Amino acid sequence: MSKRSTYLLILVLAILLIVGIVRNYLFFHQERIVQRVTYEPTEQAVLSRSYEWTSKSDQVRYEQAEWNTIVSSRYDGLKPRLSFIETAQAGCDYRSEYLRREGGIRPVCFWLKVRRGLFKFVEIEIKTPEKLREISAPVEDELEAVSFVALTNEDLKSNDQGILAGHSLAIEEGFLVEVIRNNALGCGPHVPTGTLYKVTFSGAITEIAKEKVVLDEHSFDVCVD
């Protein structure tokens, strides 16, 4: 091979390397910047539901705080969002690994796949909260904290546009997220109830409070699968 051919080959390889690096940067970082700029909570409110807290100190600190109304869907906080693909499997069982499980007799299990790579994408499956933390942490804002909670919890209430019902709050240790569970399946009065979670910057999720269902004389149990 002549020197000219060698130089041309090196030049082509260098161009391909630069293109790959630029594509990788844009693919995995541009969406992160956009999402941090566009997240602007529009409404604040004190929690309206009555919760039983696991910690009295948390109750004192956060119960009367001004929480932000959630303005995002389950996936809006994924960073970078474009690299994630949701995968679903119908008829899964409790022994399967998945992020969340929706449905009764014939449930559907959901998990994520993330594409990574420079010249060739490699798909990585995210089927556990631990794997989600490994791929997506640190959690940097309330938007991402909401997604961490919503991706790992089923039967959550949302509107027709997929915007979740609930609130979020930034705290020193991370974030708090309130979500509302429909309680559509199982046996009971099927009254929607709220749950509060703490999400640390490292992505660890802990339940810190739960709404107790108060039944009246007109309430009755119904079993739904």
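The values are calculated or read from the model by the stated rules, or taken from the named source; none is laboratory data. The structure displayed is predicted, hence computed values, not measured ones. Ideal geometry is used to build each Cβ from the backbone, glycine not excepted, and the neighbour counts take in all protein chains shown.
If you take the residues of segment 56-107 that are touching a residue at least 40 places away in the same chain (Cβ under 8 Å) and polar (S, T, N, Q), which of them is farthest from ILE135 (Cα to Cα)? My answer is GLN59.
Within the option set LEU99, LEU78, being surrounded by 12 or more Cβ atoms within 10 Å (Cβ to Cβ) and in contact with a Leu (Cβ under 7 Å, 6 or more places away or on another chain) holds for one residue only, LEU99. Checked against the criterion of being under 13 Å from the mean Cα position of the chain (by Cα), part of a strand (DSSP E or B) and modelled with pLDDT of 90 or more, segment 181-196 has no qualifying residue.
Scanning segment 160-180 for residues that are modelled with pLDDT of 90 or more, surrounded by fewer than 18 Cβ atoms within 10 Å (Cβ to Cβ) and not charged (D, E, K, R), which turns out nearest to ILE126 (Cα to Cα)? Steps first, answer last, please.
Going residue by residue through segment 160-180, those that are modelled with pLDDT of 90 or more are 163-180.
Now narrow it down to the ones that are surrounded by fewer than 18 Cβ atoms within 10 Å (Cβ to Cβ): 163, 165, 170-173.
This time we only want the ones that are not charged (D, E, K, R), so: 163, 165, 170-171.
On the way: ILE163: 23, ALA165: 25, ALA170: 26, ILE171: 27 Å.
Result: ILE163.
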